[in-house]
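Before any comments, here is the structure.
The values are calculated or read from the model by the stated rules, or taken from the named source; none is laboratory data. Source: prediction; values computed, not measured. Virtual Cβ from ideal backbone geometry, glycine too; neighbours counted across all protein chains shown.
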Amino acid sequence: MDSGPGPGFDDEPPPEPRDGWLLVRVHVPELNVFKCLQFPSDRLVWDVKQQVLSSLPKELKESFNYGLFSPPSNGKAGKFLDEERRLGDYPFNGPVGYLELKYKRRVYKMLNLDERQLKALHTRANLRRFLECIHAGHVDKIAKMCSKGLDPNFHCPESGETPLTVATGAKKPNKLLIALVNGGALLDYRTKDGTTALHKAVEKDSLEAVTTLLELGASPNYKDGRGITPLYLSIARKCDPKVTESLLHDHATLGIQDTQGWNEVHQACRHGLVHHLEHLLFYGADMDGRNASGNTPLHVCAVNNQEACARMLLFRGAQRSALNYANQTPYQVAVIAGNMDLAEIIQNFKPDDVVPFRGQPRYNPKRRSAVGWPGGSCQSSCAGSLMGTLPRNSTCFHNGPPSPC
């Protein structure tokens with residue numbers, strides 16, 4: 001099956017969809033453009049959005065913070081589609097679906113929304129005060145400002161951070177994060193450089209922030225501006241192994257590579273993170289994957305003299321004879337690097353000593369692998385179950401940017 005969408009039609013009658021494909025008419029209000037495209041029903045919403053963005057006549061600034069929005073219909077509130085779910089998970093009313101590509105803002109689920117009052121609420125001073133409340137840990141004040149209609153999806157003019165990313169740095173971030181999400185903060189709203197709150201939580205090595213965001217519905221597979229996931233970051237930043245394990249437990253995708261072809265296992269071996277490596281291998285990571293130089297994780301251990309990680313790889317069945325693109329085995333790389341003790345360990349290891357893992361890894365049963373939550377909007381349902389619910393009567397989408405930038 002072709003992986004890309006069919007041709008785009010600017011407000012023209014669409015062709016008949018192929019089996020297993022969906023026709024979608026997308027309106028981009030900012031450009032006053034309509035596109036009619038077709039996609040496989042199992043395509044992730046994130047990938048659908050990227051295809052729509054690439055079809056536009058003009059590039060949208062900060063495009064990573066645009067989302068596919070399903071307008072209110074048949075008494076159902078409007079919402080942004082979860083970008084880690086499949087397009088086919090969202091039923092359309094007719095043969096041609098209708099979505100809008102909009103900059104992500106709070107979706108208001110309340111009656112009697114006063115636009116003038118809302119605009120007056122989003123002053124530079126109020127937004128700065130809101131950030132100060134987050135720094136001070138004033139949960140009640142945050143909840144009160146959000147209940148009045150403040151949109152917590154904005155950027156700090158100095159740092160480019162969002163309220164959610166700022167909250168991940170608190171000593172006790174749990175209640176702050178819940179209050180923000182319950183007040184309309186979108187879990188995948190990114191900083192000016194494309195970083196999500198989950199990435200920030202990993203950067204700050206905050207297990208509490210990571211687990212809270214995952215419980216609220218954040219995807220472990222969000223990508224930052226470089227295409228890096230929180231799992232990869234947890235290895236590269238040498239985080240607490242429990243952070244890595246939490247992400248794996250929530251179906252984090254393995255095998256993400258950086259520009260040099262390094263994946264999570266390469267990074268663990270480079271830094272000698274044997275506990276992280278054990279978690280990765282137990283959850284099914286490829287122990288013989290190659291980077292841009294053709295080096296496997298065992299090659300990486302050999303050049304960096306990481307004996308504990310090398311023993312772990314050998315013990316779990318890594319290939320000792322794998323050749324990199326310079327036609328060198330891990331043993332030869334260890335010799336060239338002058339790591340003779342490790343070279344001897346690699347050379348003398350016997351295949352009979354390989355012991356595969358016993359048992360199966362445990363996953364969060366509430367989350368599907370790579371396609372998000374099974375049914376409904378987890379962000380709203382989880383936030384509601386943890387800290388009350390917002391009114392769900394009618395929905396009004398606020399278009400005015402609250403950011404003072």
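Taking the criterion of being closer than 19 Å to Lys171 by Cα, touching a residue at least 12 places away in the same chain (Cβ under 8 Å) and not aliphatic (A, V, I, L, M), the residues of region 109-157 that qualify are Phe130, Cys133, His135, Gly137. Within region 203-245, the set of residues being small (Gly, Ala, Ser), surrounded by fewer than 22 Cβ atoms within 10 Å (Cβ to Cβ) and in a helix (DSSP H, G or I) comprises Ala236 only. Number of residues in region 281-291 that are in contact with a helix residue (DSSP H, G or I) (Cβ under 6 Å, 6 or more places away or on another chain) and more than 19 Å from Gly227 (Cβ to Cβ): the value is 2.
Candidates in region 257-279 are the residues that are buried (at least 18 other Cβ atoms within 10 Å of the Cβ) and not in a helix (DSSP H, G or I); of these, the one that is nearest to the chain's Cα centre (by Cα) is Asn263.
For (1) charged (D, E, K, R); (2) in contact with a strand residue (DSSP E or B) (Cβ under 9 Å, 6 or more places away or on another chain), each residue gets a yes or a no:
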{"site": "Glu59", "(1), (2)": "yes, no"}
{"site": "Leu68", "(1), (2)": "no, yes"}
{"site": "Pro72", "(1), (2)": "no, yes"}
{"site": "Glu83", "(1), (2)": "yes, yes"}
{"site": "Tyr90", "(1), (2)": "no, yes"}
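Would you check which residues across region 330-351 are in contact with a Leu (Cβ under 7 Å, 6 or more places away or on another chain) and surrounded by fewer than 21 Cβ atoms within 10 Å (Cβ to Cβ) and list them? Scanning region 330-351 gives a single hit, Phe349.
To keep it simple, each residue is scored yes or no on (1) more than 29 Å from Ala77 (Cα to Cα); (2) touching a His at 6+ places or on another chain (Cβ under 8 Å); (3) assigned by TED's automatic domain parsing to the domain that holds Asp82.
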site	(1), (2), (3)
Leu131	no, no, no
Leu150	no, yes, no
His155	no, no, no
Ser159	yes, no, no
Leu164	no, no, no
Ile178	no, no, no
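Lys141 meets all of the listed conditions (1) surrounded by 16 or more Cβ atoms within 10 Å (Cβ to Cβ); (2) more than 26 Å from the chain's Cα centre (by Cα); (3) in the same structural domain as Glu59 (by TED's automatic domain parsing) but one, namely (3). Please verify whether region 187-194 includes one or more residues that are of a type in the set (Lys, Arg) and either in contact with a helix residue (DSSP H, G or I) (Cβ under 7 Å, 6 or more places away or on another chain) or within 22 Å of Asn65 (Cα to Cα) (or both). Within region 187-194 (the criterion being of a type in the set (Lys, Arg) and either in contact with a helix residue (DSSP H, G or I) (Cβ under 7 Å, 6 or more places away or on another chain) or within 22 Å of Asn65 (Cα to Cα) (or both)), the answer is yes, since at least one residue qualifies.
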